[in-house]
Amino acid sequence: MKKVKTESSYYLFDNLNELQKEEQLVMQKAIDMLQNVYAPYSNFFVGAAAMTNSGKIYGGCNQENASYPLCVCGERVALFNAGANEPTTPIKLLAIVCHNPNKRVEKPVSPCGACRQVISEFEMRHDQSFPILLKGDTETIVKLESGSELLPFSFDGTYL
Ligand code: THU
């Protein structure tokens, strides 16, 4: 028997200005997407943006439904938007931001497990990992170098 250890790490930035220009653009698009959220049930806002290798940025935001399990997270909408428009182009960068009008979110948003799995598949699909930027209601930004920092030991198509 042997114990196998996995590690994950992230970078912390004090504010948007500390990011590279391209990262700022993608994060700004995610922030702008908060305006389009449809979240009448949770009243929890998530905006996201995915830049592809072509340099185009695709936005997304959470889309809720009275049949609760049908709600789709903002980051998945952004990734699927990119995938639907540029099916063969890898993702270069993903930004996700959340806002709670009823309770200030003091820490950067943490993507749900389902979204981590979808991020992982986008990396596998195009054989290219990508950094992920996370923000809440404060100025602090977390940067992860790739999806595997969020979801080590992930399930993927090689099992099938
Ligand atoms: N949500 C996201 O959009 N992304 C996440 O990573 C976590 C949760 C959405 C889903 C739902 O519309 C609302 O936030 C509350 O769970």
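Structure data summary
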{"item": "For segment 105-127 and segment 43-77, distance of Cα centres in Å", "result": "12"}
{"item": "Global form of segment 37-98, assessed from the alpha-carbon gyration tensor, a/c cut-off 1.5", "result": "prolate"}
{"item": "Share of alpha-carbon pairs per 5 Å distance bin for the chain, given as whole %", "result": "2, 9, 18, 22, 21, 14, 8, 3, 1, 0, 0"}
{"item": "The chain, accessible surface, carbon-and-sulfur percent (1.4 angstrom probe)", "result": "52"}
{"item": "Modelled FRET efficiency - R0 25 Å, Arg125 with Glu18, Cβ distances, 0.05 increments", "result": "0.25"}
{"item": "Charged-residue dipole, Cβ positions (Lys, Arg, Asp, Glu), segment 14-149 about Cα centre, Debye nearest 20", "result": "240"}
{"item": "Most mobile of Ser54, Ser120, Ser129 in a GNM of the chain (Cα contacts under 10 Å)", "result": "Ser54"}
{"item": "Cα-Cα over 31 Å, subset of Lys21/Lys107; Lys3/Lys135; Lys5/Lys143; Lys29/Lys107; Lys56/Lys103", "result": "Lys3/Lys135; Lys56/Lys103"}
{"item": "Relative contact order of the chain, pairs being alpha-carbon contacts under 8 Å that are 6 or more residues apart, as %", "result": "24"}
{"item": "Charge sum, other residues only, whose C-beta stays under 12 Å from Gly147's C-beta, Lys/Arg counted +1 and Asp/Glu -1", "result": "-4"}
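The values are calculated or read from the model by the stated rules, or taken from the named source; none is laboratory data. Every value quoted in this text rests on a predicted model; they were computed, and no experiment measured them. Using ideal geometry, Cβ is built from the backbone for each residue, glycine included, and neighbour counts are taken over all protein chains shown. Areas reflect the complete protein model, heavy atoms only, side chains present, ligands, DNA and RNA absent. Shrake-Rupley method; radii C 1.70, N 1.55, O 1.52, S 1.80 Å.
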